[in-house]
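Note sheet for the following structure.
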Amino acid sequence: MRWTIKPKPDSEAIDQLAKELRVDTLVAQLLLQRGISTYEKAKNFFRPQLEDLHDPFLMKDMDVAVERIAIAIANNENILVFGDYDVDGTTAVALVSSYLLSYYPNVATYIPDRYDEGYGVSYKGIDFAEDNGFSLIIALDCGVKAIEKVAYAKEKEIDFIICDHHRPGKNLPDAVAILDPKREDCSYPYDELCGCGVGFKLIEALGSRRGETIYDITQYLDLVATAIGADIVPITGENRILAYYGLKVINEQPRIGFKAIIDQINKATLTITDVVFIIAPRINAAGRMKHGQHAVNLLVETDLNKASKFAAEIEKFNTDRRGLDQEITQEALVQIQRNEEQEGFTSVVYKDTWHKGVIGIVASRLTETYYRPTLVFTKSGDKLAASARSVKGFDVYNALEGCSDYIEQFGGHKYAAGLTLAANQYQNFKHQFEKVVKETIDPQLLTPEISVDAVITLKDITPKLLRILNQFAPFGPGNMSPVFMAENLVDTGYAKGVGQDEAHLKLSVTQHGSHKIGGIGFNLGDKLNLVTSRKPFSAVFSIDENEWQGNVSLQLKLRDIK
């Protein structure tokens, strides 16, 4: 691991902010590193307000989208709400469809089949709309690059409203409205919304025309918070407000579908991390193992008995997904070791029988193991399909653009993308991808980095500090949980490996003979020899609480030791 210490802001600025906010200088330093330099900004950070959400009509084409939906309702048209099969797409479909159905009956949903139709807007979905008399499709979390598909729909006199957050190509589809804050001609003040977030801005705009305020639609924010966490978008600005209030809804008044999931896992209060690792994988499992519509059915269900049955079904999908994911990861690791590809700048693996639904998870696991931009391919019809994952600081989407001669279609973000290509182009693509990455990546990005906010002493760690740090939540990209470093630590003699195969490290440390504190390092069991024999060491950690037999104490959650 590379430890990099963030630059310390100017001492005068730290002292000034500390005085203004009546906090200690460490808290002021952490705030300044997050771009929070004034009392007003700190107030917005610690007390997010729904009133600070941007006017949805600042988004390009929002007025046109709202007008077209009003015409559809006035003319009694059938509206099809179409979305991708992942968490962002299914939550967005559940959000927009359930909102529209609250006052207009002619609304149905459509999620494409991952295996039969693939990612995004599909010809099959448009044919379904034509066969069933739908004249307006609202596409969520997809569509901004679907030029041919939207043209195909237009021939059939079906209009499109696109709500997307992916980067558009050079040309835009001929849709009635394209809501995408990443459009170059869109001056919306915040461009990091997820697909469900764009869907929320649409219902916010629709609601305002119906005399509703933001408080009339807060019950939909549980879906938005889930999508923000799952899609790994920055939890800054508007996303921070949406995630903050969405978590309140999840914990205080969850929709019936969420309640059915939460009842199964028996956890009192969910953080954004719980949403990412507990709720999101279950929603995702439906599209991976069976069909994304199962997730939408759960998310819009209002009867707890039915929702519990749906949740049990999805729990089984998730268990099956886990087994497959482990099996394929093992096979992929063997393939990499056999080809010694870890010596290169990329990992690219392929097997025609791998389950398309889990190759994205496998790509993430391989990236964790070898820390290289990674692609996992499988057969999809007569083509090959892949999921791409990247390492921190490297834009895999741009790298794929450099391989576009060999790709039939691709889409995604800086750190995660998907693509399809003809089977006979696999080797050509593989060589080109390695070449592009080798030529464009900074080699130090191939060593995982721990970014340290501040160097502190153990005596800085107090219950008051932890109470303030907890108010920095929800954490995520752009606002990660603060990470600290302390030097000259000495184990008090109780360090040991714990857990299966003693994979984890449990210890208690002091610094200069005082301020004893416990620590746990998950998957750091192999570092035990660094801390025994009272040898001084440095550690990187976040601060946490440990509850044991009713006693709560502060502890270090260790990330690395040197």
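The numbers here are math on the coordinates, done by the rules we state, and not lab data. This is a predicted model, so every value here is computed, not measured. When we count neighbours, we look across all protein chains shown, and the Cβ atoms used for this are built from the backbone with ideal geometry, even at glycine.
Please list log₁₀ I(q)/I(0) at q = 0.16, 0.21 Å⁻¹ for segment 184-250, using the Debye equation with identical point scatterers on the alpha-carbon positions.
-0.51, -0.85
For segment 285-300, just list the computed ³J(HN,Hα) in residue order, Karplus coefficients 6.51, -1.76 and 1.60, θ = phi - 60°, integers in Hz, with x standing in for Gly and Pro.
Karplus values, whole Hz, x for Gly and Pro: 4, 4, x, 6, 9, 9, 7, x, 4, 4, 5, 4, 4, 5, 6, 9.
Spelling out what I want: for every residue of segment 514-520, take phi, set θ = phi - 60°, compute 6.51 cos²θ - 1.76 cosθ + 1.60 (Karplus), and round to whole Hz; glycine and proline get x.
Whole-Hz 3J(HN,Hα) from phi for segment 514-520: 9, 6, 6, 8, x, x, 10.
Counting helices only, and only those DSSP H runs with n ≥ 4, report the 222 nm mean residue ellipticity of the chain as the sum of -39,500 (n - 2.57) divided by its residues, in deg cm²/dmol to the nearest 500.
Only helices count here, giving -12500 deg cm²/dmol.
Working out 0.36 nm times the residue gap between Glu212 and Asn78, then minus their Cα-Cα distance, what length gain in nm do you get to one decimal?
Net length gain for the segment: 45.9 nm.
Largest first, please: the extent of the C-alpha atoms of segment 67-212 along each principal axis, to the nearest Å.
So the three principal-axis extents are 39, 36, 27 Å.
Ranked by Cβ crowding within 10 angstrom, fewest neighbours first, how are Tyr99, Tyr350, Tyr426 ordered?
Ascending Cβ contact count within 10 Å gives the list Tyr426, Tyr350, Tyr99.
Label-point separation (nm) for Thr440 and Lys154, each offset 7 Å from Cα along Cα-to-Cβ?
Here the modelled spin labels are 3.0 nm apart.
Out of every Cα pair in segment 56-313, what percent are spaced more than 29 Å from each other?
24
How much length is gained if the chain between Ile147 and Val498 is pulled fully straight, taking 0.36 nm per residue apart and subtracting their Cα-Cα distance, in nm to one decimal?
120.8 nm
Tell me which residues come under 5 Å, amide H to amide H, from Ile138 once H is placed; ignore anything under 5 positions away on its chain.
Here the answer is Leu80, Val81, Phe82, Ile161, since their amide H atoms fall under 5 Å of that of Ile138.
If we count other beta carbons within 10 Å of each Cβ, what is the order of Tyr397, Tyr85, Tyr123, fewest first?
Going from least to most buried by this count: Tyr123, Tyr397, Tyr85.
List the lysines whose alpha-carbon lies under 16 Å from that of Lys351, not counting same-chain residues fewer than 8 positions away?
Lys379, Lys383, Lys430
List the extent of the Cα atoms of segment 30-123 along each of their three principal axes, largest first, rounded to whole Å.
If we take the Cα atoms of segment 30-123, the spans are 50, 37, 24 Å.
May I ask you to list the lysines whose Cα is less than 17 Å away from that of Lys248, ignoring any residue fewer than eight positions away on the same chain?
In chain and number order, the partners are Lys259, Lys267.
Based only on the alpha carbon positions, what is the Kirkwood hydrodynamic radius of segment 106-145, in angstrom?
About 10.8 Å for segment 106-145.
With the cut-off at 29 Å, tell me which of the pairs Lys438/Lys535; Lys145/Lys201; Lys149/Lys309 have Cα atoms farther apart than that.
Lys438/Lys535; Lys149/Lys309
Take the alpha carbon atoms of segment 398-455, find their radius of gyration, then divide it by 2.2 N^0.38 Å using N residues; give the quotient.
Working it through for segment 398-455, the quotient is 1.44.
Quick one: length gained pulling Thr302 to Gln549 fully straight, 0.36 nm per residue minus the C-alpha distance?
Result: 85.1 nm gained on full extension.
Please list 3J(HN,Hα) in residue order for segment 377-384, calculated via the Karplus relation 6.51 cos²θ - 1.76 cosθ + 1.60 where θ = phi - 60°; whole Hz, with x for glycine and proline.
3J(HN,Hα) across segment 377-384, in whole Hz: 9, 9, 7, 9, x, 9, 10, 10.
May I ask you to list the aspartates and glutamates whose Cα is less than 15 Å away from that of Lys19, ignoring any residue fewer than eight positions away on the same chain?
The reachable aspartates and glutamates, counting only those whose Cα sits under 15 Å from Lys19, are Asp10, Glu40.
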